[in-house]
1. Please work out the Cα center distance from region A:271-293 to region A:527-542, rounded to the nearest Å.
2. In nm², what is the average projected area of the convex hull enclosing the Cα atoms of region A:226-370?
3. Taking every DSSP beta bridge with both residues inside the protein assembly as shown, roughly what % is antiparallel (nearest 5)?
4. For region A:328-400 and region A:421-462, what is the separation of their C-alpha centers, rounded to whole Å?
5. Return a whole-number percent for the relative contact order of chain A, with Cα pairs under 8 Å and 6 or more residues apart as the contact set.
6. If one puts a single equal scatterer on every Cα of region A:412-560 and applies the Debye formula without solvent, what log₁₀ I(q)/I(0) results at q = 0.09 Å⁻¹?
7. Per residue of A:187-196, what is the mean number of Cβ atoms on other protein chains within 10 angstrom of that residue's Cβ?
8. Please give the Cα centre distance for region A:1-52 versus region B:29-56, rounded to the nearest Å.
């Protein structure tokens, strides 16, 4: 982690290809340093922050006054920071008989701030939870006394989680965890607090800025989707090819517990929807032996979407994994104990995240847990199936090679698609796709779950999901369409498809469906638009290839002349 | 460590923290002499000096610092 001084030196080192983000910071303590830390750290992720700061202690005034500087600024993100030291001051000013409700009223106030903000702004709200400390009044007995400071402080932290699961655009920045990890003696500096009203030490600021930025990046679709493990001395201690099945360290042997713990972490991530892969320098048969025969292995072969064990260089192997999964290099994490392999991958594939593991395996897991590699901005039940879906994909690729005619291959897949309007079951997944998809995304308009919800209720828009299955299994929802209903045409506000289903003719199926939907309402024209980004070149010619005609930077399809595309997908 | 050595170390800290390689500190240098030395940077300077010199100032000492010489003298007195 860079020091605060180093982050300050970063400020201003922007470039024209950086994404621009407007962040408003409202705090009840001095927040200038926090703003500088976030600005400086943003540079390393190619983000240029424009920061608006209110004078401190003006949180309510900024939000409840509709003509405040905050609303003029029109931020993408609003960060609110109620500090726990200030909270104690407020707590001490609260009459004794009202202290049991202190936490509850704090949460209610926040809920009011949120709804007032959301009336006017589409911005997402980031909120710091509270760094915990004791006030030395009841001692450990505080835990029994509802009217004690610690009791109310922890109640707030707990209820913040409840509130943020209710309010879709409220995201908690867990600075309490940062403080726990560093220790309060390092996180808080009394002199800075009393002399400058700074409530986070200069050592703590970069870590707090990092957590804030992690959330912002996740909300902008920058997330990790795949975890690639090395095997020898990473998933187990020792070298399977040299030491043999009985002597590799896993479970109770040697430092085996540390490796088992790493495997358990991998398993948890897999269950959350992270795709696991193996990339190892080994003979494939030798590499697979522990997974098949060792009784203490936590991860099994079926937990991995792809298993690559050979003697090629690891960068090439990771390129192959990337091709099969069809995800960006910047969404991959590679874990390897060997600094040589790590550097090779870092140099050949700079976008892949390669954490520098500590030397001693016992330190692996704590280090990785604190790197916050897998921040996310959404979660759906569908995530758990992802590895199965990618495994099926790997099988399809092998199967495809046995066909010389692509049409013959596609028809043999026996694809079935279902098209539905957004509903309560699909909305979380729709929001996830809308927030994450970068490549097959014609206009890259980002929608939050709350916004998707309002589209499903709207009279002026139609939101559609398309799900697909074939003989290998279900893909789940693989495309989203949002149509804006105009008087004489439908405008395709959003067309997103999962890159897993490219070259299957899904776009033909979808356009056929859209055209019959529009015709049934007497609409004669469908219009689309392509807004280029760095990542969506793949759909540059999308509308042209579907027979749309370009006119004044929009693409127009005349439905009177439209002839349905032949395709290999039947409607379920 | 004598005053000259302390002054030399402080100079490095100032250059690094204020991100200005041209700074040349003297005992009588004050915040008015260096453009980047504002109240926020002052906080960073004090924290950096404490860390690098492995010393700790009290709040009272800090408020009494009038120039670089005061800082040097305070560090020397604590050794």
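What follows is calculated from the coordinates using simple rules that are stated; it is not laboratory data. Computed from a predicted model, the values in this text were never measured in an experiment. Don't worry about glycine lacking a Cβ; one is built from the backbone with ideal geometry, like all the others, and counts go over all protein chains shown.
1. First find each Cα centre; the distance between them is then 37 Å.
2. Result: 7.8 nm².
3. For the protein assembly as shown, the DSSP antiparallel bridge percentage is about 45.
4. Region A:328-400 and region A:421-462 have Cα centres separated by 27 Å.
5. 9 percent
6. Debye curve over Cα of region A:412-560, log10 I(q)/I(0) at q = 0.09 Å⁻¹: -0.26.
7. 3
8. Each part reduced to its Cα centre gives a spacing of 21 Å.
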